[in-house]
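What follows is a single structure, written as structure tokens, with notes after it.
Read-outs: derived from the displayed coordinates by stated rules, not from any lab. These figures come from a predicted structure and were not determined experimentally. Please note: Cβ atoms are built from the backbone with ideal geometry, for glycine as well, and neighbour counts cover all protein chains shown.
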Ligand SMILES: [Zn+2]
């Protein structure tokens, strides 16, 4: 049987105006017997019109989305919009507060926890609430990721190949409107449990992003994100104004799993190509050094295919199985 969610919003979701509050998730524990996880939420509504659901902090160590959405929640007036914007700047709030990808409470990776469970772990309860109570309200959903502490990306918005080509075309149009320097037809190695998958299955116009990484952010990346969010809302018909196109708009594609290069040893990571550089098949992209002693030749990693280095391992040390690089096809400028 399906349980009702234990999560309750402290603000109305369907009243004109700007409301800042919380999704209150009861969480009884040693330091707070009748305590709750309080997930920040802002709802801005003005009359009738489409609804956009904007989310950041699906993973807790990815910052472009949260910076842009905390800012938007503080700055946008109801009179500037037609319709409704639901803003969750730090969706997996325990993970966000802990600056980690997954939740410190239950180790839950929110983006592998959908559809979630109303009577499950804290992370599963968040997934269940967002999917059953917020996603059905939305016409447009934008979920902003970046590489977190372990990856770094060229800034891109992305959509997936979908069985419904009309829906895919709507997603592609929204991705192009976002206007990141790169737009990606993204391949997922592990799509089960992702927010993307359930939102797409619900028939929504969905755009995701990878806007940077490394466990922090920067001025340029935030500017790209701010512009993208605004463009997305203009495209959705919620905010009026002109879409601001980027100087550069490159379409990328990840046609198959040869795009991913995994490390097959553990050691010190030497990147030999920077993000955004073009490589040919066979070009050296990285070396990994044994750190136990000197005098051991490095393991050399070469590009398995030509393309653009769109993602790289971020920390200075690397382990067997870590994603070392992603090489994507440049489809068209
Ligand atoms: Zn993420």
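In this simple spin-label model, placing a label point 7 Å from the Cα along the Cα-to-Cβ direction at both residue 105 and residue 119 gives a separation of 1.8 nm. Compute the helix-to-body angle for 219-235: its Cα long axis versus the longest principal axis of the chain, expressed 0 to 90° and rounded to tens. Around 50 degrees separate the two axes.
When a/c is below 1.5 the answer is rounded, else prolate if a/b is larger than b/c, else oblate, so apply that to the range 129-247 with a ≥ b ≥ c taken from the square roots of the Cα gyration tensor eigenvalues. Note, shape of the range 129-247 comes out oblate. Put in line by how crowded their Cβ is, counting other Cβ atoms within 10 Å and starting with the fewest, 245, 59 read 245, 59. Of 24, 45, the sequence from fewest to most neighbouring Cβ atoms within 10 angstrom is 24, 45. Computed from Cα positions, the angle between helix 165-178 and the longest principal axis of the chain comes to roughly 80 degrees.
Need one number: % antiparallel among DSSP beta bridges in the chain, to the nearest 5. Looking only at bridges with both residues in the chain, the antiparallel portion is about 70 percent. State whether the range 254-331 is rounded, prolate or oblate according to the following rule on the C-alpha gyration tensor (a ≥ b ≥ c being the square roots of its eigenvalues): a/c under 1.5 gives rounded; otherwise a/b larger than b/c gives prolate, and the remaining case gives oblate. Prolate. Note on residue 137 and residue 258: the model spin-label points, each 7 Å out from Cα along the C-beta direction, lie 4.7 nm apart. Helix 64-75 and the longest principal axis of the C-alpha atoms of the chain enclose an angle of approximately 30°.
What's the FRET efficiency of residue 270 with residue 33 using the Cβ-Cβ distance as r and R₀ = 41 Å, to the nearest 0.05? The calculated FRET efficiency here is 0.20.
DSSP beta bridges confined to the range 146-286 are antiparallel in about 40 percent of cases.
Mean separation of Cα pairs under 8 Å and 6 or more residues apart, divided by the residue count, gives the range 5-123 a relative contact order of 24 percent. Computed over the chain, the per-residue total of -39500 (n - 2.57) for DSSP H runs of n ≥ 4 gives a 222 nm mean residue ellipticity of -5500 deg cm²/dmol, rounded to 500.
With neighbours defined as other Cβ atoms within 10 Å of a residue's Cβ, the residues 182, 314, 289 order from fewest to most as 289, 314, 182.
Taking every alpha-carbon pair under 8 Å whose residues sit at least 6 apart, the chain reaches a relative contact order of 15 percent. One Cα centroid belongs to the range 70-98, the other to the range 208-280; the line between them spans 21 Å. Taking packing as the residue-averaged number of other Cβ atoms within 10 angstrom, the listed peptides 85-92, 292-299 run from highest to lowest as 85-92, 292-299.
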